[in-house]
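Okay, so here's the structure we're looking at.
Derivation of every value follows stated rules applied to the coordinates shown; laboratory data play no part. Remember, it's a predicted structure, so these values are computed and weren't measured experimentally. For neighbour counting, all protein chains shown are included, and Cβ atoms are generated from backbone atoms with ideal geometry for every residue, glycine included.
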Amino acid sequence: MTQAASTPGAAVPRSSFQRSLGEPRTALNALLTALAVLLGLFAMFPLFSVLYMLLVKGAALLSPSLLSELTPGAGMDGGGIGNALLGTVVVVTVATILALPLGFMGAVYLAEYGGESKLATLVRFSGKVLTGLPSILAGVFAYAMVVVTTGSFSALAGGAAMAILMVPTVMLTSESALRAVPSKMKQAAFGMGATRAQVVLRIVVPTAMPGILTGVMLSLARAMGETAPLLFTALFSDYWFEGKLTQPIASLSVLIYNFAGSPFEHQVALAWAASLVLVSLVLVLNIVAQVATRRPEER
Amino acid sequence: MNSQPLTPTLTKSDSDRASATHSIAAPHPGADPNVVMDCRIKTLHYGNFLAVRDTDIPIVPHEITAFIGPSGCGKSTVLRSLNRMNDFVDGFRFTGSVHYRGQDIYAPHVDPVAVRRSIGMVFQQPNPFAMSIYKNVAFGLKLNNFKGDHAERVENALRGAALWDEVKDKLHSSGLSLSGGQQQRLCIARAIAVEPELLLMDEPCSALDPIATRRVEDLMLELKEKYTIAIVTHNLQQAQRIADRTAFLFVDTTAGGRTGYLIEYRPSAELFEDPREERTKAYIRGEFS
C-alpha cells in the first residue's frame, strides 16, 4: 500500500517488487502458512505417539513364540497371543464372506441399475446411516439374531456382527468406485453391442476393481479393531480355533480388552504386544489399500 | 454456435428444394445394392424436443460419407441413430426408417444389441478400456463368441489401424498407456476387429493434434477399401480431404426450438465447389459456424 502511494494515480505498486515482511499482507501470508504447517503436524501427532507408545511397551515381547503360543492363564508366565491372532483372522474372514457379496451387489445395483430411483435413494440413505451405527449396537443385534437363536456364543456370531459394520462401507465405497468408471468406456462397450450385464461384468467391475478392493480393505481394517461387537458374540477362548465356527473364539481386540485391566503384569504386557500386532495389521491393510487403488500405469 | 438470424429466410420452397437435391442420389430402401445404409429420418425427438427432422442420407458402400454443419444441427444425433445409440437417451422417439442392408433397424422385432454388434463405432474422445491393448482389440471377438484365431484377428485389426508396428512389442500393456492419437487408432482397431461392414465415426479427430489427425485421415482412406465409413466432422477441410459425399445439416430455429435438418447431400467435390443452397455457400465461406 505504502509503495503504491509513491506513484500518484496508479493502483498497483510500480517502484519495487521486493518481498518484504514489513508489508501487512506478506506478514499475514507467512503467519497463516506457518499456522497451517503447525496444525498439519499436530494432526499427525496422535498416530505417531500411539505407534511410539506401542513400540516402547509392546516391542519387548515380540518373538515368534508370541505369535504361535496360547494365551497364558491368570498369574502364569510365557505363552503368547497365537489363538487370538488366528481368531481375529477367522472372524474377519467370516465377516468378509458375509459382507462382501451383499455390499458388492448392493453397490452394483446402486451404481448401474438403481440410479436416482426411490429404492436406490433409500438403500443409499440406509447405508450412510449404518456407517455411523455405534459398533456395540451391531454386537447387540448379532447377539439377538445369532447368539440367542443358536444358543451359544460363536465365531459365526462375531463374524455376523462385524459384517454389519462392513456392509455399508463396502457398498458405499464400491458404489463410488463403480461410478468413477468413465461413461465413455461404457459407451464404447454399448457401441460394440454389449448388453447391460456384459458392460457391468466385463468393463465396469474390472475397471473399478482397485477402488472396490480399497473399500473392502478399509472396512476390514476398521472391523478388525472393533471390540464391542465381539464382546457378547464371539466372546473369548483360551484355546485354539478347532474349525468349529459355532464355538466361542479368541480375538486380538477382546484379548486387549480383557488383559489390559488384568492385575497380572504379564497379561498387561501381552495386551501391549497384542495392541502392537493389531495396529500393525491395520496399518498394513491401509497401506495395501492405498497401493491397490493406484492404476497400473502409476506403479 | 449459430448466432446469425438466418432462419427468417427459410421458406417452404427452400426445404422442398433441399429434399429434391438429395433425392437424386436416393434409391429405394433395401432395393439398391449401392446403398449400405439408407437413413430416412422424418422426426427424431428427445422428449418434447424435436432434434432432427426430414433428413434422408443414403450411404454408399466403400465411400466415406461426411456429416457437416454448425453446432447443434444434429449431425451426431443422426449418426447415433444409425446404430441405435440414441436408445440410451431418455425420451428418444423416432419416426422414419433406417434400413441397413435392406432391413429396417427400427422395426419392432429388431434387437438393438444385435444392430450395434454389426456396425462399428468410433467416438469423439478416444475411449479404450482399462485393459491391455490385446484385450481391447479382442473385446468384440469375445462378445461375439468368435471361434476363430483371436491373435490373428487382433494383429490384422492393429495392422489395419496402422498401429501394429508401434504396439507389437507391448500388446499386454494397458491401452490407456498409449498417446491420444494411438488410443484413437486402438479404438478403430477395436471396431474393425469384428469386421463390420459399416464404421460410424463421431468427430474422431477432434481430440487429436494435427499430426495424429492426418494419420487417422490417411487410415480412413485406406479403410474405405474394405469398409464403408460415415463420419461426423466439424472440420470442413477434413470433409473435403477425405469424404466422397458430404451431407450438410443446418439448424432450424423458426419453431422456437433448435431442430436440425438436411440442406444438401451431394458428392463432396460438387458440394464444396458449387453448393446449390445459399446456406451451404455461406457456411462453406465461413460466414457462420
Item checked: Listed residues A:240, A:251, A:143: farthest to the positive end of the dipole of region A:66-298 (Cβ charges) -> A:143
Notebook entry, point to check: For the Cα atoms of chain B, what angle does the longest principal axis make with the long axis of helix B:150-160, in degrees from 0 to 90, nearest 10?
Noted result: 50 degrees
Next item on the list: Give me the Kirkwood hydrodynamic radius of region B:146-289, using the inverse of the mean 1/r over all pairs of distinct Cα atoms, in Å to one decimal.
Entry: 17.1 Å
Item checked: Relative contact order computed over chain B (Cα-Cα under 8 Å; 6+ residues apart), in percent -> 27 percent
Checklist line | DSSP bridge orientation in chain B - percent antiparallel, rounded to nearest 5 | finding: 60 percent
Checklist line | Shape category assigned to region A:66-298 from the gyration tensor of Cα positions, a/c cut at 1.5 | finding: prolate
Item checked: Assigned charges on the beta-carbon of Lys, Arg, Asp, Glu; region A:66-298 dipole about Cα centre (debye) -> 1140 debye
Notebook entry, point to check: Over all residues in A:182-190, what is the mean tally of Cβ atoms on other chains that come within 10 Å of each residue's Cβ?
Noted result: 6
Checklist line | Overall dimensions of region B:27-94 as given by Cα atoms, namely Rg and Dmax in Å | finding: 12.6, 37
Next item on the list: Take the Cβ-Cβ distance between residue A:150 and residue A:113 as r, set R0 to 35 Å, and report the resulting FRET efficiency rounded to the nearest 0.05.
Entry: 0.50
Item checked: Residue mean of other protein chain beta carbons inside 10 Å, A:191-203 -> 6
Notebook entry, point to check: When chain A is modelled as a GNM with alpha-carbon springs shorter than 10 Å, which of A:39, A:213, A:245 fluctuates the most?
Noted result: A:39
Checklist line | Stretch gain in nm, segment residue B:43-residue B:274, where the contour uses 0.36 nm per residue and the Cα spacing is subtracted | finding: 80.3 nm
Note to self: Quick query: amide H of residue B:122 versus all other amide H atoms, modeled in the peptide plane; which residues come in under 5 Å with a sequence gap of 5 or more or a different chain?
What the structure shows: B:200, B:201, B:202
Checklist line | Scaled radius of gyration (Cα, divided by 2.2 N^0.38 Å) that region A:193-299 gives | finding: 1.50
Note to self: When 1/r is averaged over all different Cα pairs and the result inverted, which Kirkwood radius in Å belongs to chain B?
What the structure shows: 19.5 Å
Note to self: Step by step: find N for the protein assembly as shown, compute 2.2 N^0.38 Å, then divide the Cα radius of gyration by it. What's the final number?
What the structure shows: 1.34
Notebook entry, point to check: Can you list, bin by bin at 10 Å, the percent of alpha carbon pairs in region A:37-150, starting at 0?
Noted result: 10, 20, 25, 27, 13, 3, 0
Note to self: Show me, bin by bin at 5 Å from 0, the whole-percent P(r) of region B:56-113 based on Cα pairs.
What the structure shows: 4, 15, 25, 27, 18, 8, 2, 0
Notebook entry, point to check: residue A:77 versus residue B:34, label points 7 Å from Cα toward the beta carbon: distance in nm?
Noted result: 10.4 nm
Note to self: About the Cα centre, and with charges only on the beta carbon of Lys, Arg (+1) and Asp, Glu (-1), how big is the dipole of the protein assembly as shown? Nearest 20 debye, please.
What the structure shows: 560 debye
Item checked: Full-stretch length increase - residue A:48, residue A:131 - with 0.36 nm per residue and alpha-carbon distance subtracted -> 27.3 nm
Item checked: Per-pair calculated FRET efficiency, R0 = 35 Å: residue A:242 and residue A:102 via Cβ, rounded to 0.05 -> 0.80
Next item on the list: Choose one answer from A:246, A:96, A:169: the residue with the largest mean-square fluctuation in a GNM of chain A with alpha-carbon springs under 10 Å.
Entry: A:246
Checklist line | the protein assembly as shown: antiparallel DSSP beta bridges as a percent of all, rounded to 5 | finding: 60 percent
Notebook entry, point to check: Stretch residue B:237-residue B:206 to full length: gain in nm at 0.36 nm per residue minus the Cα-Cα span?
Noted result: 9.9 nm
Next item on the list: Mind giving me the nanometre distance, one decimal, between the label points for residue A:290 and residue B:282, set 7 Å out from Cα along Cα→Cβ?
Entry: 6.1 nm
Notebook entry, point to check: When the helices in the protein assembly as shown are scored as -39500 (n - 2.57) per DSSP H run of 4 or longer and the sum is shared across all residues, what 222 nm value do you end up with, to the nearest 500 deg cm²/dmol?
Noted result: -15500 deg cm²/dmol
Margin query: Charges at C-beta only: +1 for Lys and Arg, -1 for Asp and Glu. How large is the resulting dipole of region B:119-236 about its Cα centre, in Debye rounded to 20?
Written below: 320 debye
